[in-house]
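Trainee: Below are the structure tokens for one structure; questions will follow.
Each reported figure results from applying straightforward, stated rules to the coordinates on display, with no laboratory input. Only a predicted model underlies this, so the values are computations on that prediction, with no experimental measurement involved. Here Cβ is always computed from backbone atoms with ideal geometry, including for glycine, and neighbour counts include all displayed protein chains.
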Amino acid sequence: MNLVISGRHVAVTPSIRSYLESKLSRIRRHFDHVIGVNVILAADHLAREVEVSCHVAGKEIFVKSGDPDLYAAIDAVADKLDRQIIKYKDRLHAHPHDALKHHSPSD
């Protein structure tokens, strides 16, 4: 899983980077086929925003959260992303498609 962390008006410190990596490791526990994750940390006057774009096979999952505390915003966005990954995984496995070679020929 490629993890790209960038900041707009926020310096990405090693502690923020390690905190993000620990929170986003939950995604790998639920779904192993994540291709890449882009994280954007932004700071406005009173609020901190965290945007996460997660690329999985055939879909791009985007979540966004804001809070005055950056670590609380990271927690909220990790929870949202976790729920969306679980929902995507359930949809993926809900309707399995049978291969044509397993169907009986209809003559």
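Trainee: So which GluC sites (Glu not before Pro) in region 14-92 end up in coil per DSSP with only 13 or fewer other C-beta atoms within 10 Å?
Mentor: Hits after loop and neighbour filter: nothing returned.
Trainee: To continue, here is another question. Averaging the inverse of every distinct alpha carbon separation and then flipping it gives the Kirkwood radius. What is it for the chain, in angstrom units?
Mentor: 15.3
Trainee: Cut-off under 19 Å on the C-alpha distance; same-chain residues fewer than 8 positions from residue 64 excluded. Which aspartates and glutamates are left, in chain and number order?
Mentor: 21, 44, 49, 51, 75, 79, 82
Trainee: Arrange the following residues from fewest to most other Cβ atoms within 10 Å of their Cβ: 41, 3, 81.
Mentor: 3, 41, 81
Trainee: Each residue of region 49-56 in turn: what ³J(HN,Hα) in whole Hz from Karplus with 6.51, -1.76, 1.60 and θ = phi - 60°, glycine and Pro shown as x?
Mentor: These are the phi-based 3J(HN,Hα) values: 10, 10, 10, 10, 10, 10, 9, 10 Hz.
Trainee: As a test of the formula, what do you get for the chain when each DSSP H run with n ≥ 4 contributes -39,500 (n - 2.57) and the sum is divided by the residue count, at 222 nm and rounded to the nearest 500 deg cm²/dmol?
Mentor: One gets -13500 deg cm²/dmol as the mean residue ellipticity at 222 nm.
Trainee: Using the Cα centre of the chain as the reference point, and only Cβ charges (+1 on K/R, -1 on D/E), how large is the resulting charge dipole? Debye, rounded to the nearest 20.
Mentor: Dipole size: approximately 140 debye.
Trainee: Would you mind checking the tilt of helix 14-30 against the longest principal axis of the Cα atoms of the chain, expressed as 0 to 90 degrees and rounded to 10?
Mentor: Approximately 20 degrees, to the nearest ten.
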